[in-house]
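Below: the structure, in structure tokens.
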Amino acid sequence: MVNGNEATYEQLEAMTDEELCALSGKGSRLAEEILASRYHRLVRSCARPYFLAGGDNEDLLQEGMFGLIKAMREYDPGRDASFSTFAGTCIRNRLYSVIKASCSGKHVPLNQSVPLNPSFFDANPSLAQVDPEVLLIDREKAASLLQITRKQLSEFEVKILGYYLDGLTCREIAETVGKSPKSVDNAVQRIRRKVARQLTSGDISKG
């Protein structure tokens, strides 16, 4: 394997996630930066559902990155899971811990956060078995909230929501749909307001 402190960016970029993770563990800051760049969208896609429900964007994104760093430091190539799978689990577990802590008032801005994307639980079955009283909202209610909210969105907003939950930035979405970043940002803000209205109404049981 190429020494991480001597390899060029191009050489490191061509390496697998597992190889980069090994170099990162040996102190290669560049390898760590490349991995962080590769997984930044995954971090955003894991945290984005909470953003729409009123969570603090920067705080949650930062917590997700802490989860990624944990994955880099603790990944064991001897296990069956790939780094991608392990990283996803660490990121989601970190976010879950923060959301759980918000229940006790440690992160007040996150108290109204809910996972709008049911796949959050599908990707981590262990979380789906957590006592419903611990979660801020259970899987069915999360799915119901998203379903009801979608019915209130325009066709353009539904498209934007899909890309947004996938972790794309407003600029990336704008390039994809052929609109200006400002137009996309405005759509995201409208979606957030509609989600907030559903969340504060207390009625998310009707589909």
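Checked against the criterion of being at pLDDT below 90 and assigned to a helix (DSSP H, G or I), region 81-92 contains one or more residues that satisfy it. Candidates in region 21-51 are the residues that are among the aliphatic types (A, V, I, L, M) and within 24 Å of residue 168 (Cα to Cα); of these, the one that is modelled with the lowest pLDDT is 47. Say we look at region 175-207 and pick out the residues that are part of a helix (DSSP H, G or I) and touching a Ser or Thr at 6+ places or on another chain (Cβ under 6 Å); which of these is modelled with the lowest pLDDT? Step by step, filter region 175-207, then rank; the result is 198. Answer with yes or no whether residue 68 is surrounded by 19 or more Cβ atoms within 10 Å (Cβ to Cβ), at pLDDT 90 or above and in a helix (DSSP H, G or I). Taking the combined requirement at face value, the residue satisfies it. Restricting the first residue to region 138-160 and requiring it to be within 11 Å of residue 195 (Cα to Cα) and hydroxyl-bearing (Ser, Thr, Tyr), which pairs with a second residue that is surrounded by 17 or more Cβ atoms within 10 Å (Cβ to Cβ) and modelled with pLDDT of 70 or more meet a Cβ separation below 6 Å and a spacing of at least six or different chains? Every condition considered, the pairs that remain are 149/194; 149/195; 149/198.
The values are calculated or read from the model by the stated rules, or taken from the named source; none is laboratory data. All values reported here derive from a predicted model rather than from experimental measurement. Positions of Cβ are generated from backbone atoms using ideal geometry, with glycine treated the same way; all protein chains shown enter the neighbour counts.
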